[in-house]
Structures are given as structure tokens and as C-alpha cells.
Amino acid sequence: MVKQLKNYIGGEWVQSSASTYLPVNNPATCELLAEVPDSPRADVDAAAKAAKEAFPEWRSTPVLSRAQYMYRFKALLEERFEDLAEIVVKENGKTRDEARGEVRRGIESVEFAASIPSLMRGYKVEDISSGIDETAERQPLGVFAAITPFNFPNMVPLWFLPTAITTGNTFIVKPSPQTPISMDILYELLDELDLPEGVVNLVHGGKEASIAVMEHPDIVGVSFVGSTPVARIVYETCARHGKRVQAQGGAKNYIAVMPDADMQASVANIMGSAFGCAGQRCLAGSVVVAVGDAYEPLKAELLKRASNLRVGYGLEETTQMGTVISASARERIEGMIAAGVSEGAQVALDGRSKSVAGFEQGSFVGPTILDGVTGEMSVAKDEIFGPVLSIMHVPDFDTAVDAINASRYGNAASLFTNSGKHAREFKYRVRAGNIGINIGVAAATASFPFGGQKESFFGDLHGQGLDGIEFYTDKKILIERWL
Ligand code: NAD
């Protein structure tokens, strides 16, 4: 019997009232791993009620005690580290090492939250007027929720939940229905912490559950990570319902390579950026902009390395690139490659119709390199979210910066160079929220906010770091005279 996932509400595992369950398949083997409920509004209502009831006692639990839960949570995550990584591989399709990296990053967010007693401080000024003192105190706000994507099923919810609850809020996670099992296991660990009932809640489902979260009057704020069209809906809907919202969207990340770059080291790094997690990272390099004489050696080295990449099932140690998330994702990606070709791009390496022996039903797309790409082509403009790297050839640095800034997205951009002058110019002029200099995946660590600009981010305060603490707290102003 395949497991039917339950929701976790008010400290208990409860059967969803859903009438529909969706299959969760391993994208490499097609094995049915679980069935996930398409939870209706009533389940979100129950979670919001439990979280609301838990809030008064939880927010008055000393912050040092709240932080203690994070130390225990980290210990449990470390104990189950390999299991957590394995389930990410099974439900998402990435490689075991990529999954380990994801789980490690998630644990770092828990470690960050353990330091909240020294980070959620307010401030005070004596004698702001004669005999009057003024204080800004940081307070939690109530029930927050996160709506999260399939591509980092373990890590992304951990960008939010630890900070939200350690600052004194209560929380609901609505994970992706494509990869819900990671949260099922994570909530088993949260259950072992014996947090007060209702502090953390889990509601599985898709659009209906998301809408219920966005519209619920008792949910004060929403952290969202996913595609740009949905991020925009979430931002607008939450704002209309008077909520705080941070909505991290999709991306189209450019990587510029100068002729003075160390080509071997640069390409090794670019390979990880373009083909790591089969290109299903919001920080994945998608267009490489070869400046002047960088073009020939860059293309040759990319083709050499990409052709040798071993594609396969993520649980096999020899695999260097896993599957994409589903057969429909593969179809969409192959369609975008075909659209690029019809617009004039040349296929230098074709990963379409990739088949892996022993996993013939798997959703594989091999590494694909398109050459002769120009800014007008759809493959240069739209998010592909698959292992497809486009090469654009430009004459100089300024043209490269213009090509990058023409994108409607602004998640990440990287420059490979040996020139400090160009590195500074790049950082200064490029409109993207995460900049890599000789780094292909400029991923903010837990104590820094995760950047994002233009259509890659809707909101003011980013996820993670001190922005996260700002987002989950408000500053109350106290003005006192004791005369
Ligand atoms: P998605 O937008 O399809 O889904 C994200 C979440 O929104 C899921 O929980 C889903 O159930 C829910 N959802 C889907 N449609 C909805 C709707 N109409 N209304 C309300 N909720 C809805 O994204 P995905 O395919 O799961 O994830 C991939 C996307 O996420 C890519 O675009 C990627 O760039 C982006 N992403 C961004 C970041 C970032 O930090 N900026 C990080 C990871 C992924």
C-alpha cells in the first residue's frame, strides 16, 4: 500500500478532507512514492485556527527557550541527514551530492535561527525630549505561512520556518505537491521536538490550498518561492488581503566571460551552474555571454565537458546529472529548445530524447548547448528551468552588461574575469540581486538575504538573514515619561 500523506495540524497528523489525491512519482524510476492530498480550504482553516490559538503562549515563551528548539532540531536533522538527502533524490531527481548540499543549506538556516536571541533586538534612545525616552521593540506578529516550490523541497521551507517561529510566530507550510515527502519527514522531526501544539503546521496541496492561505484573515504574512507568474499572483493577492508578503520568483541568469578569465576554472564553475540540479535552480546559469576572444576557447571547453557529463539516476554514485522533475517538464524544455532552433539558434549539443539504460521511463534531458543565441530569441529571454545553456557572443564588456540588463528577470548574474576593474563595474551596473565574481552560483548563505530584483522578486524584505527577522517581526514604538 502506497502511503497517503497526512497534514500536520495542531500537533497531530490528520487526514486531509481532500476528495482528490495526486501521485508523487520518482522522476527517474516512475515508482509511485506516495499520494498527496489536494487539500481544500477547510484544511487551511483548521491549520490557521491551530496556529492562531498557539500564538499567545508561544510569543510569550522566552526567546532563549524558543531558540533551544533549534539546537535540538539541528541535532535531529544531522542524525537523519542521509535519509533526508535520499528522499530529495527520490522525489526530485537530483543527484545525491546535490541533495546533500541542499540539506546542509537547510541546516544552516536552522543554525542561523538559533542565534535569534541576539538578533531580534530593538533599540532605545534616552531623552528624546526632556525626560522622555523612546524605544523600538521588536515583536512577532502572529501566523505566517510559506508556499514553496519543487526544486529544493527540503531547503526552501527551512529558509522561513526556523526564523519565523524562533522570532515568536506560528507557522504553516504548504509545500509543492510534486515533492511533498521531504516535508512529511521534516515534520516527523518537528513532531519529535514537542513544540507546543499549533506552533508548526503542514498543509499539503496545490492551488486551492495556496489561495486559501493568501486569503485567510488570520494569516498575517506569506513567504513564497516559485515561478514568476505565481509570485506575481501571490504578491498581489496577499497585498489585497492586507498581508506582509515576500515573493521570490523565477529567473534567467546570465554569465559573462571575459577573454582574460582562467578558462579551465571558469568552465568548471559554469558547468555546475548550468547543469547542476539539471538546470532546475533559480540561480542556474542559463545564458553564457562570451566577450570577444573568450568565445572560441569557452565554447570548445564547454562542449568537451558537457558531452562527458554522466546523466542518470541520482542515487547511483557515478551520476553527475539527474532527471528533470517530470515528463511534462521534459516536454516543455524540449519544446523551448525547438523554439530556439526555429528562431535561429544552432544546437551545438543536443540533450533531447535522452534515454538512460535501466531507466527508460525516466524524465531525462541531456545537457544541451545552443550557440549563436541573440537577445531577441525566446531561449535568451524566458526561463527554461532545465539543462540548457545558450551561448551569446558579444564584442565587449559594455555590450555584455547591456545584454544582461535587458532581461526582465534579476535573480543572479556572474562575471568570470581577472580584472578588478571589470569586476567592480559589473557589480555596480548589473541589475541582479545576487552577483557572482568568478562564482557560477551566487547563493546567499543563511545569514545574508537572498537577493532578487525585477521580475525575480516581489516585495521589500527578502528571505533569509536579517531581512527575514525584519519580515517576521514588527517594531513597536514606546515613548515614556515618568515624571
Ligand atoms: P510554481 O510557481 O509552479 O509553484 C510554487 C508553489 O506555488 C507550489 O507550492 C505550487 O503548489 C503553488 N502554486 C502553483 N500555482 C499556483 C497558483 N496559480 N496559485 C497559487 N499557488 C500556486 O513553481 P515550481 O515549478 O514549483 O518551482 C520552480 C520555479 O520556482 C522556477 O520558476 C524557479 O526559478 C523558482 N524558484 C525561485 C527561487 C528564488 O529564490 N527566487 C528559488 C527556487 C525556485
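Considering region 230-366, what Rg and Dmax in Å follow from its alpha-carbon atoms?
Both quantities, over Cα of region 230-366: 17.8, 53 Å.
Evaluate the Debye formula for region 86-139 with equal point scatterers sitting on the alpha carbons, no solvent, and hand back log10 of I(q)/I(0) at q = 0.12, 0.14, 0.27 Å⁻¹, in q order, two decimals.
-0.53, -0.59, -0.97
Sorted by mean Cβ packing within 10 Å, highest first, what order do the peptides 281-287, 306-312, 46-52 take?
With the highest mean Cβ count within 10 Å placed first, the list reads 281-287, 46-52, 306-312.
How big is region 1-136 along each principal axis, measuring the range of its Cα positions in Å and listing the largest first?
Principal-axis extents of region 1-136 (Cα, largest first): 72, 38, 22 Å.
Based on the mean of other Cβ atoms within 10 Å per residue, sort peptides 436-442, 344-350, 418-424 so the most packed one is first. Kindly include the intermediate steps, with their values, before the conclusion.
Details: 436-442: 19.1, 344-350: 16.1, 418-424: 13.4.
The peptides rank, most packed first, as 436-442, 344-350, 418-424.
Over all directions, the average projected area of the alpha-carbon convex hull for region 317-450 comes to how many nm²? Mind dumping the intermediate values first?
Numbers: hull surface 41.3 nm².
Hull-based average projected area comes out at 10.3 nm².
Return the subset of K74/K304; K124/K454; K243/K454; K74/K174; K3/K243 for which the Cα-Cα distance in this structure is over 32 Å, preserving the input order. It would help to have the intermediate numbers written out before the result.
On the way: K74/K304 41 Å; K124/K454 35 Å; K243/K454 21 Å; K74/K174 22 Å; K3/K243 35 Å.
Where the Cα-Cα span goes over 32 Å, the pairs concerned are K74/K304; K124/K454; K3/K243.
Which order do peptides 381-393, 95-107 fall in by mean Cβ count within 10 Å, highest first?
Descending packing order for the listed peptides: 381-393, 95-107.
Size of region 418-472 along its principal axes in angstrom, Cα-based, largest extent first?
40, 22, 16
How large is the convex hull of the Cα atoms of region 184-223 per residue, expressed in Å³ as a whole number?
About 88 Å³ per residue, rounded to a whole number.
Given the DSSP H assignment, sum -39500 (n - 2.57) over each helix run of at least 4 residues in the chain and divide by its residue total; what's the result at 222 nm in deg cm²/dmol, nearest 500?
-12000 deg cm²/dmol
Could you give the DSSP H helices of the chain that reach 15 angstrom or more along their long axis (alpha carbon positions) and whose average Kyte-Doolittle hydropathy is no lower than -0.5?
The answer, listed by residue number, is 63-79, 81-92, 155-166, 181-192, 228-240, 263-275, 327-342.
Could you check how many percent of all C-alpha pairs in the chain are farther apart than 33 Å?
Of all Cα-Cα distances in the chain, 39 percent exceed 33 Å.
With the radius of gyration and the Kirkwood radius both derived from the Cα set of region 93-218, what is their ratio Rg to Rh?
1.09
Where does the charge balance sit around E197 when Lys and Arg score +1, Asp and Glu -1, over other residues with C-beta under 13 Å from its C-beta?
-3
Determine ³J(HN,Hα), in whole Hz, for all residues of region 359-375 in sequence, where each value follows from phi through the Karplus function 6.51 cos²θ - 1.76 cosθ + 1.60 and θ = phi - 60°; x replaces Gly and Pro.
10, 4, 8, x, 8, 9, 10, x, x, 10, 10, 9, 10, x, 7, 10, x
What ranking of H241, H204 emerges when the number of other C-beta atoms within 10 Å of each C-beta is taken as an exposure proxy, fewest first?
Neighbour counts put them in this order, fewest first: H241, H204.
Collect residues whose amide H, placed 1.01 Å from N in the peptide plane, falls under 5 Å from the amide H of S414; neighbours closer than 5 in sequence don't count.
The list, which skips near neighbours in sequence, is Y254, I255, A256, G436.
Going from the alpha-carbon gyration tensor of region 386-483, what semi-axes, largest first and in whole Å, does one get by taking the root of 5 times each eigenvalue?
In descending order the semi-axes read 36, 15, 13 Å.
Over 23 Å apart: what share of the alpha carbon pairs of region 174-295 falls there, rounded to a whole percent?
Tail of P(r) above 23 Å: 53 percent of Cα pairs.
Give the residue list of trypsin sites (Lys or Arg not before Pro) in region 107-216 that are DSSP loop and have at most 14 other beta-carbon atoms within 10 angstrom.
Values: sites: R121, K124, R138, K207; in loops: R121.
Passing sites in region 107-216 are R121.
Can you give the Rg to Rh ratio for region 28-108, taking only C-alpha atoms and Rh from Kirkwood?
A ratio of 1.09.
Every number in this text was worked out from the coordinates using simple rules, so none of it is lab data. These numbers were taken from a predicted model, which means no experiment stands behind them. Cβ sites come from the backbone with ideal geometry, for glycine too, and all protein chains shown count toward neighbours.
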